[in-house]
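Each remark here refers to the structure printed beneath this line.
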Amino acid sequence: MRVQLTIFNSSMEVFKTVKSLQQKLSSIGQGKSVGLVPTMGALHEGHLSIVRRAKKENDFVVVSIFVNPTQFNNKEDLINYPNTLIPDLKALELLQCDFVFTPSVKEVYQQDPNTENFDFEGLDEVMEGKFRTNHFNGVATIVKKLFLITNPDKAYFGEKDFQQLLIIKKMVAQEKLPIEIVPCEIFREKDGLAMSSRNVRLTAEQRTAAPEIYRTLLKSKKLFQNQDLVSIKNFVKNEFIQNKELELEYFEIADTEVLISSNEIKPNKKYQAFIAVFAGQVRLIDNIALN
Ligand code: PAF
């Protein structure tokens, strides 16, 4: 099914079925490049900046909006995931996005609602993977499906989900898909809070407290210059013990390429700090390059 939007008199087209999207993509002409921006909707300025970039770098841009059930380890989180389809479509239309893909769960998964089992060579065993069972198999399953449906030249992913980005790169290499994965820097609110679709679920008190997450990352980056990793980790733990609104789930310092967490700084290695924090039921993540 194809829907032509006329909200702003633009030519953005919205597709609900794989067949109609593929028909369209096969009609755009050979040699035209396609950029894919996969999203779960509830679009914020971070997403929109990625779409603007994709527009500059490709002849056509497809944005997918699909809340993928197989990557949610927590049912409540899935149920409460914000759905803002109409404003999302309006925002995309203003950017003159070419195609939007908003399939149903049935359309994407057909008769098989299961995840594929990938071997991410350990990348999925730490941090998000450790705390969210099967999450990355769910992510890679949907992203692979979206890649096979749209066959893009480039696909864009935010660095806020840094571990997801590495996992997608690994999947693309293993599956030998000819797609360039483009990492996009984290977009932040003025007070430093990383933009996330989940931020709208924060209460006023939680929203006021939340910038502490980035402030702690900045402090740990500073400490990284002259302190050992155990002291930095202890510092972060203590910062959150005193916080009434935010509960630390994990803070890790890991090798930027293989995500092996470390208690010791090795020369010539790049390190990244990763954090996950609960504000009530809302789970927020962030990360920062340390060197
Ligand atoms: O980062 C996200 O929003 C999702 O994990 C993605 C990549 C769209 C897959 O559902």
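Results, tabulated for the structure shown:
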| read-out | value |
| --- | --- |
| Cα gyration tensor category, rounded, prolate or oblate, for the stretch 133-291 with a/c compared to 1.5 | oblate |
| Relative contact order computed over the stretch 139-291 (Cα-Cα under 8 Å; 6+ residues apart), in percent | 20 percent |
| Sparsely packed trypsin sites (Lys or Arg not before Pro) within the stretch 211-251, loop by DSSP, other Cβ within 10 Å at most 15 | Lys244 |
| Sorted peptide list for 258-269, 179-190, criterion being average Cβ within 10 angstrom, highest first | 179-190, 258-269 |
| Table column - 3J(HN,Hα) (Hz), the stretch 243-251, Karplus curve with 6.51, -1.76, 1.60, x for Gly and Pro | 8, 6, 8, 10, 10, 6, 8, 8, 9 |
| Asp77 paired with Phe235, simple spin-label distance in nm, labels 7 Å along Cα-to-beta-carbon | 2.8 nm |
| Between the stretch 15-51 and the stretch 203-238, the alpha-carbon center distance in angstrom | 37 Å |
| Cα gyration tensor shape for the stretch 94-141, rounded if a/c is under 1.5, else prolate or oblate | oblate |
| Under 21 Å, Cα to Cα: Lys pairs in the stretch 77-229, sequence gap 8 or more or different chains | 26 |
| Stretchable slack from Gln225 to Thr17, in nm (0.36 nm times residue separation minus alpha-carbon distance) | 69.7 nm |
| Residue-averaged [θ]222 nm for the chain, counting only DSSP H segments that reach four residues, each worth -39500 (n - 2.57) | -10500 deg cm²/dmol |
| Amide H within-cut-off set for Val182, under 5 Å, with H built and near neighbours excluded | Ala155, Tyr156, Phe157 |
| Cα-centred dipole magnitude for the chain, charges only on beta-carbon of K, R (+1) and D, E (-1), debye, nearest 20 | 500 debye |
| Whichever aspartates and glutamates have a C-alpha closer than 14 Å to that of Lys32, once near sequence neighbours (fewer than 8 apart) are set aside | Glu57, Asp59, Asp98, Asp153 |
| Length released on extending from Lys32 to Asn243, taking residue separation times 0.36 nm less the Cα-Cα span | 70.8 nm |
| Distant-in-sequence amide H partners of Phe15 (H built 1.01 Å from N, under 5 Å) | Val3, Val100, Phe101, Thr102 |
| Net charge over other residues, Cβ less than 13 angstrom from the Cβ of Asn137 (K, R count +1; D, E count -1) | -1 |
| Coil-residue trypsin sites (Lys or Arg not before Pro) of the stretch 14-115, DSSP, other Cβ within 10 Å capped at 16 | Lys16, Lys32 |
| Cα-based shape type of the stretch 73-179, given that a ≥ b ≥ c are square roots of the gyration tensor eigenvalues and the cut on a/c is 1.5 | prolate |
| Amide hydrogen neighbours beyond the local backbone of Thr84, cut-off 5 Å, H modeled | Ala42 |
| Length-normalised contact order for the chain - Cα pairs under 8 Å, 6+ apart - percent | 16 percent |
| Gain on full stretching of the segment that runs from Val258 to Asp153 - 0.36 nm per residue minus C-alpha separation | 35.3 nm |
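Any read-out appearing in this document is the output of simple, stated calculations on the displayed coordinates, not a laboratory observation. Since we're looking at a predicted model, the values are computed, not measured. Note: ideal-geometry Cβ built from the backbone for every residue, glycine included; neighbour counts use all protein chains shown.
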